[in-house]
Amino acid sequence: YGNLETLVLVGSFARDEGIVYQRNGESKLISDIEFWGVVKNMPAVKRLNFGNPNFTISFTTRAHLKRLKPYIYTVEVKKYGKVLWGDANILGLIPEYSYEDIDPLDGFILLNNRLVEQLIILNKIEDNRVINRYDFDKSYIQLINSILVLKKRYRSLYAEKQEEFSRVYENKDMGFLNKIQQAFESIKQPSGTVIRQDEALEKWREARGYFRKIWTEEAGFILNKKGVTLD
């Protein structure tokens, strides 16, 4: 521990939006509890195993914090990270970026990462494993995160996301807008509702349609910036 300078809480719990729901009289952790450990010497860092997949820690250094680019995670850690131990001013090393500074490509990368998660959900459905409504709520919210980055309208908090997205999609696809609004309302009060396999598959196919539409739009936008067009 002599190598550790500062421990920072990041992610949804740092934003006070971490999700826990009650099931069968027990509290179940849904959101990951994420930490950044600022260390003096990266090569000396050993991997930590919390024994719980919901707890993760990533390591960085002061020099690395100063070099961080304007990514979603960078802006959010700077704005909402909570120092639990060590140098209370450590996050001041991160450059000052605004949401508008985030590269649209970061949103497209996020979208592609979420497509992998969609395949994992499909695998769970086909294996007849438990699927909760939260799985789909999270999918839709992650989808609009990508859209908001592309539109230079990204925000961190759920209420802010919902407001910005309503403006972006006002008078457009009302079906999609309703899905997003339902997801925001549901994710604030998760019940752990289990969805039947047939219903889960129907919901997955519906979400796939939206993911395909948004992926095509975003891919076209990114490629067009590079002088390439989609046929």
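Can you give the convex hull volume per residue for the Cα atoms of the range 153-201, as a whole number of Å³?
Cα convex hull per residue, to the nearest whole number: 92 Å³.
Which order, highest average first, do 179-189, 118-128 follow once you tally other Cβ atoms within 10 Å for each residue and take the mean per peptide?
Highest-to-lowest ranking by the protection proxy: 179-189, 118-128.
Considering only L115, A183, V75, the residue lying farthest towards the positive end of the dipole of the chain is V75, judged by Cα position with unit charges set on Cβ.
In the range 5-46, a dipole from Cβ-located charges (positive for Lys and Arg, negative for Asp and Glu) runs towards its positive end, and of V10, N24, M42 it is M42 whose Cα lies farthest in that direction.
Taking only the alpha carbons of the chain, we obtain Rg and Dmax values of 19.1, 57 Å in that order. Ordering T60, N171, V194 by Cα displacement along the dipole of the chain toward the positive end leaves T60 in first place; charges were set at the Cβ atoms of Lys, Arg (+1) and Asp, Glu (-1). Calculated mean residue ellipticity, 222 nm, the chain: -16000 deg cm²/dmol, from DSSP H runs (n ≥ 4) at -39500 (n - 2.57) each, averaged per residue and rounded to 500. Compute the acute angle (0 to 90°) between the alpha-carbon long axis of helix 197-225 and the principal axis of greatest extent of the alpha-carbon atoms of the chain; round to the nearest 10°. The two axes meet at around 70 degrees. In a simple Cβ point-charge model (Lys, Arg +1; Asp, Glu -1; nothing else charged), the chain has a dipole of about 420 debye relative to its Cα centre. In percent, rounded to a whole number, the relative contact order of the chain is 19, using alpha-carbon pairs under 8 Å and six or more apart. Taken along the Cα-to-beta-carbon direction at a fixed 7 Å, the label points for Q197 and N113 span 3.2 nm.
When the solvent-accessible area of the range 68-184 is split by element, carbon and sulfur atoms take up 50 percent of it, the probe being 1.4 Å. Tilt of helix 158-168 relative to the longest C-alpha principal axis of the chain, in degrees (0 to 90, nearest 10)? Taking the Cα atoms of the chain, the angle to 158-168 is about 50 degrees.
Solvent exposure of the chain amounts to 57 Å² per residue of accessible area, where only protein heavy atoms count and the probe is 1.4 Å.
The values are calculated or read from the model by the stated rules, or taken from the named source; none is laboratory data. Bear in mind that the values here come from a model prediction, so they are computed numbers and not experimental data. Backbone-built Cβ (ideal geometry, glycine too); neighbour counts: all protein chains shown. Each accessible area value is taken on the protein alone, full model and side chains, heavy atoms only, with ligands, DNA and RNA left out. Shrake-Rupley method; radii C 1.70, N 1.55, O 1.52, S 1.80 Å.
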